[in-house]
Amino acid sequence: MKHVKPIVVLVSSLFVMILLIPTLLVIPFADKTSGQLGEELRTAEAKTEAPSGPTVEVAVYRTKTKQIEKVPLEDYVLGVVAAEMPAEFELEALKAQSLAARTYIVKQLLSNSDPSVPKGANVTDTVLHQVYYNEEDLKKVWGRDYEWKIEKVRKAVSETNGKILTYENTPITAAFFSTSNGYTENSEAYWPNSVPYLKSVASPWDKQSPKYFDQMVIDVHDFEKKLGVRLSGNGTLGKVVARTPGKRIELVSINGKELSGKEIREKLDLRSTDFTWERKGSQIIITTKGYGHGIGMSQYGANGMATEGKNYQDIVTYYYQGATVSSYDPFLSKLTAKK
């Protein structure tokens, strides 16, 4: 009888194991609530995490190929941020740029038509609208740095997904430019209309920009021809009649002819309307401060703010006075309703 007991225990243990093995095999893969296998469950969960709702596409006219490229809205924003702002900039600055780019395109899509773009397109890929690069373009431009740069820009776009800037429940004109002269500009100082959220603010961070100063040399003859003026024989170039709120040239009188700072900038292809000049013999040396029209968000200013610890909301609400960070959902609903 002493030898029987261990055999009984062994048989009983084997019996229990036989009963448990199927259960042990199934438990790690089963969903207790639905009976789905784990792999199926993960697939189902992945599907539910995918964005829902209608997809809005942007029709971009590619100037090199003369073709229209249709791009999902968020991919378009990614391509604009990558093209318009250095990926080396702080993440919060890139987020601020993402908001500006997304706001611009939503407003453009809502405007119905733009005579400056070919039929069937919403925007071009140039500074006429926003510079846009697709994946292939960026790989050429960035080369070996592509992976880390695209990852950083994608993070900025993703973390602001669905957000735009509004003023009185309307998408704003999210103007931006490279570098200020220390101040941004009132919209009416360069453009025809006064816009309440595009007012001059101090932007001291721009002094660190490599584009803060620029200098060009032009022959007196070319200067006179391009501006349609005749310089006096006493060596003077002109007198500043008025300055803008952003400390730029508003009006200059050259030997009796008045020209706006904007006219001079465009005709001489200057970087800014904040300029000084001097004549040396048969040449004129022109020095400018800042780069761009000066209206809205300064990109180097945004990066300076981010370096000091400001977040993207701080940045955009500083440069777009009175604007609010909002969801673009109500506006995309209007777009899809038109289709």
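The values are calculated or read from the model by the stated rules, or taken from the named source; none is laboratory data. All of these numbers come straight from a predicted model, not from anything done at the bench. Here the Cβ positions follow ideal geometry from the backbone for every residue, glycine too, while neighbour counts run over all protein chains shown.
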Exercise for the section: Would you check which residues across region 205-221 are under 21 Å from the mean Cα position of the chain (by Cα) and in contact (Cβ under 8 Å) with a residue 40 or more places away in the chain and list them? Expected result: TRP205, ASP206, GLN208, SER209, LYS211, TYR212
Completion exercise
Given the conditions (1) part of a strand (DSSP E or B); (2) more than 14 Å from the chain's Cα centre (by Cα), every one holds for TRP148 apart from (1)
Practice task
Would you check which residues across region 222-242 are more than 15 Å from VAL252 (Cβ to Cβ) and either touching a residue at least 60 places away in the same chain (Cβ under 8 Å) or outside any helix (DSSP H, G or I) (or both) and list them?
Solution key: GLY233, ASN234, GLY235
Practice task
Return the only residue of ARG265, ARG248 being of a type outside the set (Asp, Glu), modelled with pLDDT of 95 or more and either out of contact with any helix residue (DSSP H, G or I) (no Cβ under 8 Å at 6 or more places or on another chain) or over 22 Å from ALA202 (Cβ atoms) (or both).
Solution key: ARG265
Handout entry: Residue that is farthest from the chain's Cα centre (by Cα) [pool: residues in region 120-145 that are in contact (Cβ under 8 Å) with a residue 60 or more places away in the chain and surrounded by fewer than 15 Cβ atoms within 10 Å (Cβ to Cβ)]
Key = GLY120
Practice task
Please state which of the following conditions LEU259 fails to meet, knowing it meets all the rest: (1) in contact with a Ser or Thr (Cβ under 6 Å, 6 or more places away or on another chain); (2) under 28 Å from SER298 (Cβ atoms); (3) of a type outside the set (Asp, Glu).
Solution key: (1)
Problem - Candidates SER194, SER187, SER178 - the one that is within 27 Å of ARG265 (Cβ to Cβ), touching a helix residue (DSSP H, G or I) at 6+ places or on another chain (Cβ under 7 Å) and in contact (Cβ under 8 Å) with a residue 40 or more places away in the chain - result: SER178
Practice task
Sort out which residues of region 280-328 are modelled with pLDDT of 95 or more and charged (D, E, K, R), and write them in order of number.
Solution key: LYS289, GLU308, LYS310, ASP314
Fill in the blank from the handout: The correct count of residues that are assigned to a loop (DSSP other than H, G, I, E, B) and closer than 23 Å to ALA323 by Cβ in region 113-131 is 6
Exercise for the section: Sort through GLU168, GLU136 and tell me the only one that's modelled with pLDDT of 95 or more, among the acidic types (Asp, Glu) and not in a helix (DSSP H, G or I). Expected result: GLU168
Exercise for the section: Name every residue in region 264-278 that is more than 15 Å from LYS239 (Cα to Cα) and among the acidic types (Asp, Glu), in order of residue number. Expected result: GLU266, ASP269
Exercise for the section: Would you point out the residue of region 65-119, among those that are without any contact (Cβ under 8 Å) to a residue 12 or more places away in the chain and under 21 Å from TYR167 (Cα atoms), that is surrounded by the most Cβ atoms within 10 Å (Cβ to Cβ)? Expected result: SER111
Practice task
Please give the number of the condition GLY246 fails out of (1) within 19 Å of GLY301 (Cβ to Cβ); (2) not assigned by TED's automatic domain parsing to the domain that holds SER260.
Solution key: (2)
Exercise for the section: Filter region 187-221 down to the residues that are assigned to a helix (DSSP H, G or I) and touching a strand residue (DSSP E or B) at 6+ places or on another chain (Cβ under 7 Å), then identify the one that is surrounded by the most Cβ atoms within 10 Å (Cβ to Cβ). Expected result: ASP206
